[in-house]
Every structure is written in C-alpha cells, then in structure tokens.
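To keep things clear, I will list the structure first and then write my remarks on it.
Every read-out reported here was derived from the displayed coordinates using simple, explicitly stated rules and does not represent laboratory data. Remember, it's a predicted structure, so these values are computed and weren't measured experimentally. A quick note on method: Cβ atoms are made from the backbone with ideal geometry, for glycine too, and the neighbour counts reach across all protein chains shown.
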Amino acid sequence: MTTIAIVDNDRFALGMLTQIVGRAMPGANVIWTAEDGRTAVHRCLYEGEAQVPDVLVLDMSLGEPGMGADGADACRMIREASARPPILCLTSYSRAHYRQTAIDAGAQGLIGKDSTPRELAAAITAVADGQVLDGFMDVNAAHTALASVAQRTAALSDQEREVMRLYATNHTTEEIARRLGIKASTVFVVTRHAKRKLGASSRAEAIRILLGG
C-alpha cells in the first residue's frame with residue numbers, strides 16, 4: 001500500500017486532493033495532511049518513520065518564503081536533511097513558472113493542479129516507484145546535491161552572507177561598502193572569499209548557490 005501525505009494551505013483544495021487521491025488510487029493511504037510547510041518538515045524529519053510517507057505531495061505556493069513556510073523552502077529543508085520521502089510538487093501556476101525552483105529544491109517532479117485524477121495518480125505512482133519526471137533528480141542525487149550546498153553555505157561568515165544578500169537585492173558595491181562601513185575594495189575581497197567557499201566562478205553564481213541553499 002502506497003502511503004501519501006498532502007500539503008496545501010487551501011483547506012478546500014486539500015480536501016479535494018485527498019478525495020481525488022483516494023478515488024484514483026484505491027490501494028493508497030493518505031496518512032496525514034497539513035496546511036503549512038513547517039508542519040510537513042517536522043513530520044517528515046522529526047516524528048519517526050511512521051510519519052514519513054512513500055510520497056509527499058506538496059503545493060509550491062504555501063505562504064511567505066522563509067523558515068520552511070513556503071513549498072520550495074519546505075522541500076529544500078526536507079531534501080537537505082534526508083533522501084526520504086520522494087516529493088511531488090503541485091502548482092496552480094504554469095509549470096514553467098516553478099519548474100526550476102522545484103528542481104533546485106530537490107523535488108522529484110512537478111505537476112499542475114489542473115491535471116486529471118489519472119495524471120495525478122500516475123505521477124504519484126511513478127515517484128513512489130523511484131522514478132522522476134523529466135529533468136528532475138532522484139532522491140539520492142538531490143539529497144547529495146543539497147546537502148553539499150548547505151555545507152558550503154554554512155562555511156560563509158556573517159559578513160560574506162550579508163554582502164551576497166545585498167548584491168542579490170541589487171545594491172551596488174559602493175552602497176554595500178557604505179552600508180557595512182567598509183571600503184569598496186574590502187567588499188571585493190569578501191566577495192572573492194565567498195565565491196571560493198561556495199565553489200562559484202562568478203558573483204552571480206555565488207548568489208544563486210546561496211539563495212538556492
């Protein structure tokens with residue numbers, strides 16, 4: 001029997017998804033549902049094996065980003081820590097809008113909420129069987145990649161993180177220097193150190209790694 005958990009911040013949509021899965025997959029069992037990413041992270045990582053489903057069906061848009069609140073954040077936090085469970089993301093937007101975000105967060109697939117019950121069941125079954133949708137990484141590869149990024153970003157100093165964050169929010173080097181009370185040349189040195197720690201060849205790549213991690 002395939003065990004499934006479903007996360008969606010829309011209570012009505014959550015109920016409908018649960019019913020659809022129950023009807024489209026008679027041999028499956030929805031073991032729990034949640035309306036926020038934090039609950040999903042806690043159940044998958046800290047409440048024991050019985051709470052880890054064969055597939056986590058996770059809405060990408062759950063609320064404000066940060067601290068596991070949004071779907072991408074929750075997905076990333078789970079996958080950094082563990083290769084289980086496989087995660088199938090859902091979106092009510094165009095799949096192109098969230099596809100790369102879902103891949104970077106370590107999901108095994110992404111489908112639209114407008115998918116038919118048969119398409120949803122097929123995607124869940126595929127992910128439960130260890131398959132991935134086109135372009136996504138399997139659980140082990142995704143876990144290895146995200147854990148590596150987390151380790152590298154953890155090595156950054158507070159100053160390096162802040163410089164990268166300010167660049168990411170479109171501050172200039174001179175603005176960053178004034179804001180932090182340092183010389184522009186020091187900003188360049190800090191950026192160089194951050195790039196080396198992150199294994200990035202450019203500032204843009206360092207920012208992408210940091211934001212993705």
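Couple of notes before you dig in:
- Once both labels are positioned 7 Å from their Cα atoms along Cα-to-Cβ, the gap between Ala145 and Arg11 label points is 3.8 nm.
- Cα gyration tensor, the stretch 86-135 - rounded (a/c under 1.5), prolate or oblate: oblate
- If only the Cβ of Lys and Arg carry +1 and only the Cβ of Asp and Glu carry -1, the dipole of the chain around its Cα centre is close to 820 debye.
- What the Cβ-Cβ distance of Thr18 and Ser94 gives, at R0 = 30 Å and to the nearest 0.05, is a FRET efficiency of 0.75.
- Site pair Met1 and Ala83 shows an inter-label distance of 2.7 nm when each label is modelled 7 Å from Cα along Cα→Cβ.
- Share of pairwise Cα separations in the stretch 1-85, more than 23 Å, in percent: 16
- Rough spin-label spacing in nm, given labels placed 7 Å along Cα→Cβ, for Lys183 and His42: 5.0
- On the basis of the beta-carbon distance and an R0 of 45 Å, Asp134 and Asp158 show a calculated FRET efficiency of 0.70.
- Note on the chain: helix-only mean residue ellipticity at 222 nm, from DSSP H runs of 4+ residues weighted -39500 (n - 2.57) and normalised by residue number, equals -17000 deg cm²/dmol.
- The residue list Gln131, Ser148, Pro53 was ranked by how far each Cα lies along the charge dipole of the chain toward its positive end, using unit charges on Cβ atoms, and Ser148 comes out on top.
- By the Cα gyration tensor, the chain has an equivalent ellipsoid whose semi-axes, rounded to whole angstrom, run 37, 16, 15 from largest to smallest.
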